[in-house]
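Contents: one structure, followed by commentary.
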Amino acid sequence: MKNKAFNVAAHAFTPADKVLPDANIWLFLYSPASAAYPHWLKAKVSLYSTAWGKLHASGAKAFIDPIVLGEVINRLLDDEWKLIDPPGYGRKYAKRKDFRQSADYPPAAKSVQSIATQIMADAQALDHPFSKWNVGKMLTDFGSGSTDWNDQLITENCLHHNLKLMTDDGDHITGGLEVLTANGKLLAVCPP
């Protein structure tokens, strides 16, 4: 079943709205790297930032789950790793594990911890009822190459908890969700 995409800039949040921001939204809102985004992306970040303010002002509720938080933390750590040890010939840390075992890692992890703590303060924690889902079908869908595993987990969690998904990920086309987005592809392919 196709998702129904709604323009996040035009959405009138209400206290009844329950929203799960996807990892890309948290990164737009909290990542220090967002300051260096190109102009076109800063405009999109501004749309989500404005929507975020409206969400909170309306009394709507934002949620965070372990999959999304894990994606955010991993991306922020990769950004820290690239700053400390830029990709290319002669890297100090060829693998993330090498970085994790270095003296450079604890300060990077502390920086990421600070951002994750801010995120947790702005959203309610949400558990995955993984044992209740049709994991066999999900694995079959994943094995077909048509879906991302984490996207499926996020979709199932939204369905289970009756949440809207706020995302800029153009891959969130199916699942039967209400999606709040500024992504033109989703808005075109998944009309309400």
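The values are calculated or read from the model by the stated rules, or taken from the named source; none is laboratory data. Just so it is clear, the model here is predicted, and its values are computed rather than measured. Please note: Cβ atoms are built from the backbone with ideal geometry, for glycine as well, and neighbour counts cover all protein chains shown.
Go through the stretch 29-58 and give me each residue that's crowded, with 16+ Cβ neighbours inside 10 Å and of a type in the set (Ser, Thr, Tyr). Matches in the stretch 29-58: 30, 31, 48. Say whether the condition of being surrounded by 12 or more Cβ atoms within 10 Å (Cβ to Cβ), within 20 Å of residue 20 (Cα to Cα), out of contact with any helix residue (DSSP H, G or I) (no Cβ under 6 Å at 6 or more places or on another chain) and of a type in the set (S, T, N, Q) is met by at least one residue in the stretch 166-174. Yes - at least one qualifying residue is present in the stretch 166-174. Going by what's in this entry, would residue 24 be described as under 15 Å from the mean Cα position of the chain (by Cα) and either touching a residue at least 40 places away in the same chain (Cβ under 8 Å) or surrounded by 14 or more Cβ atoms within 10 Å (Cβ to Cβ) (or both)? For residue 24, the condition - under 15 Å from the mean Cα position of the chain (by Cα) and either touching a residue at least 40 places away in the same chain (Cβ under 8 Å) or surrounded by 14 or more Cβ atoms within 10 Å (Cβ to Cβ) (or both) - is met. In the stretch 8-20 there is no residue matching the filter, namely being part of a helix (DSSP H, G or I), β-branched (Val, Ile, Thr) and within 28 Å of residue 156 (Cβ to Cβ).
Residues that are of a type in the set (Asp, Glu) and without any contact (Cβ under 8 Å) to a residue 12 or more places away in the chain within the stretch 128-159 comprise just one, 141.
Of the listed requirements (1) touching a Phe, Trp or Tyr at 6+ places or on another chain (Cβ under 7 Å); (2) crowded, with 17+ Cβ neighbours inside 10 Å; (3) over 19 Å from residue 69 (Cα atoms), residue 147 misses just one: (1).
Within the stretch 84-94, the set of residues being modelled with pLDDT under 90 and part of a helix (DSSP H, G or I) is empty. Can you confirm whether the stretch 35-42 contains a residue that is at pLDDT below 95, under 15 Å from the mean Cα position of the chain (by Cα) and hydrophobic (A, V, I, L, M, F, W, C)? Taking every residue of the stretch 35-42 in turn, none turns out to be at pLDDT below 95, under 15 Å from the mean Cα position of the chain (by Cα) and hydrophobic (A, V, I, L, M, F, W, C). Of the residues making up the stretch 57-74, those that are free of Cβ contacts under 8 Å to residues at least 60 places away in the same chain, in a helix (DSSP H, G or I) and within 20 Å of the chain's Cα centre (by Cα) are 69, 70, 72, 73, 74.
Going through (1) more than 24 Å from residue 173 (Cβ to Cβ); (2) among the charged types (D, E, K, R); (3) not in a loop (DSSP other than H, G, I, E, B) one by one, residue 44 falls short only on (1). Selection within the stretch 75-91: residues that are touching a residue at least 12 places away in the same chain (Cβ under 8 Å) and either among the polar types (S, T, N, Q) or in contact with an Asp or Glu (Cβ under 8 Å, 6 or more places away or on another chain) (or both). The member of this set that is nearest to residue 34 (Cα to Cα) is 84. Scanning the stretch 92-112 for residues that are surrounded by 13 or more Cβ atoms within 10 Å (Cβ to Cβ) and without any contact (Cβ under 8 Å) to a residue 12 or more places away in the chain yields 98, 100, 102, 105.
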